[in-house]
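Taking it in order: structure first as structure tokens, then the write-up.
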Amino acid sequence: MINTVDNVKAKIRDVADFPKKGILFRDITTAIKDADTLKVIIDYLCDQFKDVKVDYIAGIESRGFIFGMPMAYKMDAGFVPVRKPNKLPAETISQEYQLEYGTDKIEIHKDAFGPGDNVLIVDDLLATGGTAEAACKLVKKTGANLVGIGFLIELTDLNGKEKLKDCGKIVSMLKY
């Protein structure tokens with residue numbers, strides 16, 4: 001039975017030079033394919049926010065969906081996908097964010113949250129923080145309460161947490 005953060009970390013596969021030369025990719029597929037490890041990850045992330053009322057989990061495309069859905073189920077909350085442009089069928093609101101070269105955008109349905117709803121954002125990885133910061137801004141545009149963000153992995157050298165100072169409680173299970 002996998003029951004510690006170190007055991008979960010041992011299940012993450014390192015892939016050199018992916019997606020390009022010089023990058024060390026942290027592959028979560030080796031961890032989430034193991035039922036016990038997946039349970040430990042979900043339980044850990046949920047436990048970090050157990051003292052906070054959460055109405056909705058907002059999962060950032062696409063790996064935020066992997067963790068967000070079971071967390072929503074376990075926390076008795078709804079799930080809202082945060083998507084790339086032109087993927088949602090109804091009226092949306094969007095938020096642009098900076099990439100290394102250029103910009104990108106994420107969207108949610110305009111009616112995803114209402115004023116006073118408590119929202120927890122979830123994603124697999126915190127790197128530079130651009131996508132997570134954009135998701136925070138989207139939640140706030142709706143008038144909802146952002147209670148925090150949960151990540152499986154944080155790449156601490158990239159200082160992404162610095163962009164998230166106004167985003168509530170920030171939790172990362174694994175730090176590299």
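What follows draws every value from the coordinates through simple rules; no lab data is involved. Just so it is clear, the structure is predicted and the values come from calculations on it, not from any experiment. Cβ sites come from the backbone with ideal geometry, for glycine too, and all protein chains shown count toward neighbours.
Taking 0.36 nm per intervening residue step and subtracting the Cα-Cα distance, what contour gain separates V52 from L99 on full extension?
That works out to 13.7 nm of additional length.
Defining a contact as two alpha carbons under 8 Å apart and six or more residues distant in sequence, what relative contact order in percent does segment 51-175 show?
Relative CO of segment 51-175 lands at 23 percent.
Give, in nm to one decimal, the length gained when the segment between K84 and L158 is fully stretched (0.36 nm per residue of separation minus the Cα-Cα distance).
Taking K84 through L158 to full extension adds about 24.4 nm, to one decimal.
Kirkwood hydrodynamic radius (Cα pairs, Å) of segment 51-175?
14.2
Among G114, G22, G129, whose mean-square fluctuation peaks in a Gaussian network model of the chain (Cα, cutoff 10 Å)?
Between G114, G22, G129, it is G22 that shows the largest mean-square fluctuation.
Hey, got a sec? Which trypsin sites (Lys or Arg not before Pro) in segment 1-44 land in a DSSP loop and have at most 10 other Cβ atoms within 10 Å?
Within segment 1-44, the qualifying trypsin sites (Lys or Arg not before Pro) (loop, at most 10 other Cβ atoms within 10 Å) are K20, K21, K33.
Restricting to Cα pairs below 8 Å that are 6+ residues apart, what does the relative contact order work out to for segment 62-120? Please round to a whole percent.
Relative contact order comes out at 28 percent.
Of the options I153, H109, G68, report the single residue whose Cα projects farthest towards the positive end of the charge dipole of segment 43-158 (beta-carbon charges: Lys, Arg +1; Asp, Glu -1).
Of the candidates, H109 comes out farthest on the positive side.
Please report, in Å, the Rg and the Dmax of segment 26-106, where both are computed over Cα atoms only.
14.8, 40
Go ahead and set up a Gaussian network model of the chain, Cα springs under 10 Å, then flag whichever of P70, P85, P19 fluctuates most.
So, out of P70, P85, P19, the one fluctuating most is P19.
Report the Cys residues of the chain lacking a disulfide-compatible partner, meaning no second Cys Cβ under 4.7 Å from their Cβ.
C46
Please give the charge dipole size of segment 51-175, origin at the Cα centre, charges +1 on K and R Cβ atoms and -1 on D and E Cβ atoms. Round to the nearest 20 debye.
With only Lys, Arg, Asp and Glu charged at Cβ, the dipole is about 80 debye.
Grab the beta carbon distance between I23 and S62, set R0 = 25 Å, and tell me the FRET efficiency rounded to 0.05.
Values: r = 19 Å, r/R0 = 0.74.
Computed FRET efficiency for I23 and S62: 0.85.
So which residue, out of E107, E133, E162, gets the largest mean-square fluctuation from a GNM of the chain using Cα contacts under 10 Å as springs?
Result for the chain, Cα springs under 10 Å: E162 fluctuates most.
Among bridges DSSP assigns within the chain, what percent are antiparallel (round to 5)?
Here the share of antiparallel DSSP bridges comes out near 35 percent.
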